[in-house]
Structures are given as structure tokens and as C-alpha cells.
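For reference, the structure discussed in these notes is given below.
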């Protein structure tokens, strides 16, 4: 297999590593309402549980690609505000690493009351590609200062903008997802602002490695095919309860489709089969 072919193959396998953070999480604002020129914060402050860890198996067809994990590691303060530190890791397995190793790490500091991010750190390690990205968000002035590989620039961002990791926890702060609803969420990623359309399609009971779950099925319409090599639509199933834990993600890519399946859950009060 030529280097270009190997790169294309693994890019298809790699899609869920980042797509999961955007597509699963993008359902955040289906319950939000306009508040001035921004989005209203949660009516009830949600205190996320430090120590919660969600793990996922990534696959392309019948080929196993690696694992991804989301973890709430600690509480701290940032500019006097209460925040939680969230860490996302994505690693290729031994088979994929033999020709295209991946070991990515993303951290975000999330305001636990307003539920939007202040700082994102992204250490990208994919094959020979290495990038270090830091984004600092001014949620009052609606600006982001982004430093990528030592080069810094400031850009405007929409009110209450989310990053690709914080949005996963943003939507978990809301109690209901109305079937048939549709909305737009603003996400900043890699020096660009994106508008994602979210449609809540219905409810469904799913069986997986951890048992059976009542879920809500969400369709994320992605306007940027080149970013994740997806074909525009990603479906995500989240638990139909207050925890809103992503159970399954399916995305069409350039060749075939990819799945991200919940395989482990630690430090959470959610149990299999909980309504």
C-alpha cells in the first residue's frame, strides 16, 4: 500500500476521533432559547462529577481503529470563575499504529455555571503531523486568541461559542430534547467558526456492550466535509435521561462508514437500562 493510500485509509478510520466530540456533543442547544444576542445559560446549575470517564471503541466497518475517552479530571478556578477540567484522548490501536500512529489529547476549561469554555489545549499527534493549538475565549468580548505552532492571531467568535470538546458537556446541562426540534450551534475549531444544524429525530432503545439504553437519536448536519472526511450527516444516540451520555455515533465517510461505541463508563450514576 502506497503512503498516500495508507493516509487516506487511516483518515477514514480517524474520523470518529474528532467527529465524536463535535457530532455527539453538538446537540447541546436544542433546549436553549435566545437571550439578547446570546444563548441563555442553563436554568439550573449542573455540577458535573469529577472522576467520570467515558470510553469508546472506534471502528471502520469490521476494522477496529482505536479508542477514545472523555474524563472530568478536576475542579479549579479561572479568572475567579468555577471551572471543570475536561480531557479527551484518542489513540490508534497497534494495527493502525504500525503505519499511522495517533495519540491526540484535548483539554478544555468549562465554566460550570455558564457552561461555555475559556481555554482549549489541543496536542495533535497523527503520523508525522504534530500540532500544538491553544484557544483562549473571551466570552464577554466574543473573541478568541488562537495560538497554533507558535503563531498567534485573534478572531471574532459568536456569543456563547463552544469548542469541540466543551459542547459535549454543554448539552448535558439540559433536561429535555424535544423530538422534531432543529437548531444551530456555533463551534470554533482550528481558527474557524462553524454552524452546525441539529435535528432531534426520535427515540430508540439500543443494545450495546454495556447493556440496553433508552436513547434519543440526533442528526448532525455537518457543513464541512473536508474536516472529518464525512459526507455531511452524522447520527448520534444519547441516553434519554438527565445524564445525556453518548452511546453510539455513526458517520458516513469517503469510503464506507465509521462507528464510535460506548464501551466503558466509570464514576457515573447512570446504569444500563435506566429510563
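All of the numbers you see were taken from the coordinates with simple rules; none came from a lab. None of these values were measured; they are calculated from a predicted model. Here the Cβ positions follow ideal geometry from the backbone for every residue, glycine too, while neighbour counts run over all protein chains shown.
What FRET efficiency do you get for residue 181 and residue 48 if R0 is 25 Å and r is their Cβ-Cβ distance, rounded to the nearest 0.05? Plugging the Cβ-Cβ distance into 1/(1 + (r/R0)^6) gives 0.55.
By how many nm would the segment from residue 97 to residue 263 lengthen if fully extended, with 0.36 nm per residue of separation less the alpha-carbon distance?
57.7 nm
One quarter of the convex hull surface built on the alpha carbon atoms of segment 120-183 amounts to 6.3 nm², the projected area averaged over directions.
Quick check on the exposure proxy: order 95, 70, 62 from fewest to most C-beta atoms within 10 angstrom. Show your work: numbers first, answer last.
Details: 95 12, 70 23, 62 5.
In order of increasing Cβ crowding within 10 Å: 62, 95, 70.
Could you give the length gained on full extension between residue 55 and residue 214, defined as 0.36 nm per residue of separation minus the Cα-Cα distance, in nm? Display every interim value, and only then the final one.
Numbers: separation 159, 0.36 × 159 = 57.24 nm, distance 1.88 nm.
Taking residue 55 through residue 214 to full extension adds about 55.4 nm, to one decimal.
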